[in-house]
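K.L.:
Have a look at the structure that comes next, please.
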Amino acid sequence: MKIKKEISKITPYLVLTIISFLFLLPILWLFLTSLKQPVDISKGLFIFESGVKWDNYAMAWNTSKFNISFFNTLLVGIGTVIISIVFGTPMAYSLARYSLKGNQFLSGLLLLVRMLPELLFLLPLYTIYRQTGLFDTRIGLILSFQILTLPYSVWLQRSFILSVPRDIEEAAKIDGCSDFQILRKIVLPLIAPGTVATSILSFITVWTSLLFPLTLAYSEAQTVSISIANFKGYGSFNWPVMAAACIIVTVPQIIVLIFINKYMVSGLTMGAVKG
Amino acid sequence: MISKLKVKRSLVGYLFMLPALVIVCGLIIYPLFQNLINSFFEWNWIKSGMDTKTFIGFANYKRVFMDKLFWNSFWNTLVFSGIALGIEFTLGLVVALLLNQVGKGSLLFRIVIMFPLMISDIVAALTWKMLLDPSLGPINNFLSTVGLPTPNWLGNPKLVLPVLSIVDVWWQTGNIALVLLSGLQSMSIEPIEMAKIDGANRNQIFRFLTWPHLLPFVRTAVLFRIMDLMKVFALPWGITRGGPGRASEVSQLYIYKQGIGSYLDMGYAASLAVTFSIFVIVILTVVNSFFKGVEEA
């Protein structure tokens with residue numbers, strides 16, 4: 001009886017450990033491969049016959065325009081976040097406080113964008129971009145990402161604004177603040193942590209997106225997803241360098257996501273954390 | 001006086017909305033509209049250049065329904081999504097239940113199971129392309145060491161879709177587990193304690209208490225998962241480019257190739273995108289109707 005109880009206590013841990021191990025194994029393999037010489041890649045997980053080669057990271061950084069696209073993605077990401085927050089927050093405020101009939105429209109729009117295949121937007125944008133010269137430009141990419149980031153920035157910001165007590169705003173109004181001043185001087189500082197979370201989720205959308213830069217950029221505005229995909233052209237013996245590139249791309253992402261893991265679930269359902 | 005104030009107030013409200021509305025109209029609604037228009041035109045950039053655009057009515061849509069390659073891609077999308085969803089949901093539910101049961105150490109397990117989620121689709125694709133490589137990949141290396149057969153995972157047309165589904169299982173099971181776990185954690189303990197006192201066994205507790213409470217979360221997890229599975233692009237593009245032949249060519253990949261990727265048949269690609277989008281909406285509506293009466297989580 002006692003043994004049976006002990007087993008039922010241990011089983012969940014055992015099953016979870018096995019699943020966790022299987023989940024971690026590919027990542028562990030990727031990391032170890034990123035430190036190997038090409039000749040060691042198929043010799044077993046922990047075998048480094050020709051030594052550990054940290055150089056792979058430097059090589060990855062300098063190959064396939066990787067470093068350029070790293071900063072490029074940074075710029076596009078920051079630009080996307082700024083537009084989404086600056087344009088989206090006033091709308092979020094309006095939806096939260098002015099009881100206009102926009103909530104249903106917004107949630108409908110959010111769901112629609114979330115539901116529809118990206119190419120439904122990207123095909124027409126491609127034709128428009130080719131005809132207007134926005135193709136393969138950073139500004140073009142920044143604008144296109146608004147399709148994804150603006151709706152959920154508005155949605156998230158709205159939920160943060162709704163959690164601010166209304167009395168504070170009423171008091172400011174009596175003291176003679178204009179509506180815009182209330183938003184800027186009272187609401188914005190109060191929802192600052194939320195704004196950070198919204199910004200990070202938007203940024204990750206840009207950072208991880210493949211289809212948007214694949215269709216709307218070519219070389220000038222190339223992002224990291226495209227450059228690591230291009231590593232494949234270098235043949236199978238460059239696995240360690242490619243693994244290193246994958247790690248370089250992923251590390252910043254994981255750091256910020258752990259930082260805001262409270263919002264992970266809403267990021268997943270909104271499609272910010274790619275699924 | 002009051003109504004004047006009210007009008008002024010809602011005017012300010014609309015003014016706050018204006019900047020975002022400009023973007024929504026220009027970048028979301030206008031392209032959708034433009035795509036619909038394009039779908040009624042013969043507009044092949046390779047054949048006749050960017051400037052020749054001829055109205056042909058529903059001819060593109062007729063072509064879509066006769067297009068065996070499109071139906072092949074749609075079938076592939078369904079097979080891929082079906083296998084992936086089935087395994088992800090079962091495994092995700094088990095993981096969520098276990099995580100909820102385990103008190104100590106649950107945070108560590110949670111982080112590990114969340115880990116693949118934090119990796120982008122293209123990195124997941126490239127990693128697994130290497131893992132599954134028939135000659136150098138560690139999976140076949142391991143299998144041959146222990147004396148098991150080493151299938152050509154990505155070269156066999158019958159294996160390739162299930163294999164891609166398994167990659168998605170690795171990548172996204174945590175998604176479903178996290179959503180269901182947040183459902184389990186929002187459950188109060190009292191009813192369960194009372195049921196235990198009344199002599200209910202574990203199966204009864206799950207069936208009559210846990211599962212009904214979990215249903216709204218199941219709905220969220222499943223619907224969003226289906227959305228993303230049907231839209232899959234990066235995994236097949238990154239791992240097989242749709243191959244071998246067209247055995248793993250999913251719909252978004254086929255549409256991409258017809259349009260921007262290689263054939264630049266923009267009018268036809270537009271009608272493919274519209275048709276596929278309608279199919280996605282229909283499937284989501286049908287699945288949603290299974291959850292009739294279940295509130296939103």
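Any read-out appearing in this document is the output of simple, stated calculations on the displayed coordinates, not a laboratory observation. All values reported here derive from a predicted model rather than from experimental measurement. Here the Cβ positions follow ideal geometry from the backbone for every residue, glycine too, while neighbour counts run over all protein chains shown.
K.L.:
Mind checking the full-extension length gain between A:GLU6 and A:TRP54? Use 0.36 nm per residue of separation minus the Cα-Cα distance, one decimal, nm.
P.N.:
12.7 nm
K.L.:
Normalised by the residues of chain B, what does the relative contact order come to in percent, with Cα pairs under 8 Å and at least six apart?
P.N.:
Contact order relative to length: 29 percent.
K.L.:
Eigenvalues of the Cα gyration tensor times 5, then square-rooted: what semi-axes does that give for region B:97-155, in whole angstrom, largest first?
P.N.:
They are 31, 17, 8 Å, listed largest first.
K.L.:
May I ask for the longest run of chain B untouched by GluC sites (Glu not before Pro) that are loop-located per DSSP and have at most 12 neighbouring C-beta atoms (other than their own) within 10 Å?
P.N.:
Value returned for the longest uninterrupted segment is B:1-294.
K.L.:
Build a GNM of chain A with springs between Cα atoms under 10 Å: which of A:PHE48, A:PHE212, A:PHE160 gets the top mean-square fluctuation?
P.N.:
Among A:PHE48, A:PHE212, A:PHE160, the largest GNM mean-square fluctuation belongs to A:PHE48.
K.L.:
Note down, for region B:41-290, the three equivalent ellipsoid semi-axes (square root of 5 times each alpha carbon gyration tensor eigenvalue), biggest first, whole angstrom.
P.N.:
Over the Cα atoms of region B:41-290, the ellipsoid semi-axes are 41, 25, 14 Å.
K.L.:
Report the rotationally averaged projected area of region B:15-64 based on its alpha-carbon convex hull, in square nanometres.
P.N.:
One quarter of the hull surface, i.e. the mean projection, equals 4.7 nm².
K.L.:
So how far, in whole Å, is the C-alpha centre of region B:94-134 from the one of region B:13-85?
P.N.:
If you average the Cα positions of each part, the centres end up 34 Å apart.
K.L.:
Can you give me the distance in nm between label points at B:PHE206 and B:LEU5, each placed 7 Å from the Cα along the Cα-to-Cβ direction?
P.N.:
It works out to 5.9 nm between the two label points.
K.L.:
Quick one: how many lysine pairs does region A:1-85 have with C-alpha atoms less than 28 Å apart and a gap of 8 or more or different chains? Give me the count, please.
P.N.:
Lysine pairs meeting the criterion: 4.
K.L.:
In addition: Assuming a viscosity of 1.002 mPa s and a temperature of 20 °C, what translational diffusion coefficient in µm² per second does Stokes-Einstein assign to the protein assembly as shown, Rh being the Kirkwood radius over Cα pairs?
P.N.:
Stokes-Einstein gives a translational diffusion coefficient of 84 µm²/s.
K.L.:
If you don't mind, there's one more thing I want to ask. Rank A:LEU257, A:LEU119, A:LEU214 by mean-square fluctuation in a GNM of chain A with C-alpha springs under 10 angstrom and give only the top-ranked residue.
P.N.:
A:LEU119
K.L.:
How big is the Kirkwood radius of region A:1-67, worked out from every pair of different alpha carbons and given in Å to one decimal?
P.N.:
Hydrodynamic radius (Kirkwood, Cα only) of region A:1-67 equals 14.9 Å.
K.L.:
While we're on this one: What's the FRET efficiency of B:SER135 with B:PHE290 using the Cβ-Cβ distance as r and R₀ = 41 Å, to the nearest 0.05?
P.N.:
0.40
K.L.:
Got a sec? Charge dipole of region A:64-270, +1 on Cβ for Lys and Arg, -1 for Asp and Glu; which of A:LEU183, A:LEU109, A:TYR93 is way out at the positive end?
P.N.:
Highest projection toward the positive end goes to A:LEU109.
K.L.:
Same structure, new question: Under 25 Å Cα-Cα from A:LYS185, which lysines qualify once same-chain neighbours fewer than 8 residues away are excluded?
P.N.:
Partners within reach: A:LYS173, B:LYS6, B:LYS8.
K.L.:
Would you grab the residues whose amide H sits under 5 Å from the one on B:PHE41? Only those 5+ places off in sequence or on another chain, please, with H modelled 1.01 Å from N.
P.N.:
Correct list: B:ILE56.
K.L.:
Another question, then. Find me the longest stretch of chain A that has none of the exposed trypsin sites (Lys or Arg not before Pro), where exposed means in a DSSP loop (not H, G, I, E or B) with at most 16 other Cβ atoms within 10 Å.
P.N.:
A:102-275
K.L.:
Continuing with this model, one more query. Give the whole-number value, in cubic angstrom per residue, of the convex hull volume spanned by the C-alpha atoms of chain A.
P.N.:
Considering the Cα atoms of chain A, their hull volume per residue is 198 Å³.
K.L.:
A further question follows. Compare the Cα positions of B:ILE197, B:LEU214, A:PHE48 along the charge dipole of the protein assembly as shown (+1 at Cβ of Lys, Arg; -1 at Cβ of Asp, Glu; about the Cα centre) and return the one farthest towards the positive end.
P.N.:
Projecting each Cα onto the dipole axis, the largest value belongs to B:ILE197.
K.L.:
Could you give P(r) for region A:50-208, binned at 5 Å from zero, as whole percent values over all Cα-Cα pairs?
P.N.:
Answer for region A:50-208: a P(r) of 2, 8, 14, 16, 15, 13, 10, 8, 6, 4, 2, 1, 1, 0, 0 percent.
K.L.:
Another question, then. Along the principal axes of its C-alpha atoms, what lengths does region A:22-126 span, in descending order and rounded to whole Å?
P.N.:
Principal-axis extents of the Cα atoms in region A:22-126, largest first: 68, 33, 31 Å.
K.L.:
Are there any helices in chain A, counted as whole DSSP H runs, that stretch 27 Å or more along their axis by Cα and score at least 0.5 on average by Kyte-Doolittle, and if so which?
P.N.:
A:2-33, A:66-97, A:138-162, A:239-259
K.L.:
Once Lys and Arg get +1 and Asp and Glu get -1 on their Cβ, which of A:PHE259, A:ILE228, A:LEU211 lies farthest toward the positive end of the dipole of region A:138-271?
P.N.:
After comparing all options, I get A:ILE228.
K.L.:
Rounded to the nearest angstrom and ordered from largest down, what semi-axes does the equivalent ellipsoid of region B:109-253 get from its C-alpha gyration tensor (root of 5λ)?
P.N.:
Sorted largest first and rounded, they come to 38, 19, 14 Å.
K.L.:
Compute, for region B:41-290, the length of the dipole vector about the Cα centre, with Cβ point charges of +1 (Lys, Arg) and -1 (Asp, Glu) only. Units Debye, rounded to 20.
P.N.:
240 debye
K.L.:
Please report, in debye to the nearest 20, how large the charge dipole of chain A is about its Cα centre when each Lys and Arg carries +1 at its beta carbon and each Asp and Glu carries -1 there.
P.N.:
660 debye
K.L.:
Let me ask something additional. Report, to one decimal in Å, the Kirkwood hydrodynamic radius for region B:58-165 based on all distinct Cα pairs.
P.N.:
Taking the inverse mean of 1/r over all distinct Cα pairs, region B:58-165 comes out at 17.2 Å.
K.L.:
Rounded to the nearest 0.05, what FRET efficiency do B:TYR14 and B:VAL282 have when you use their Cβ-Cβ distance and R0 = 45 Å?
P.N.:
For B:TYR14 and B:VAL282, the calculated efficiency is 0.80.
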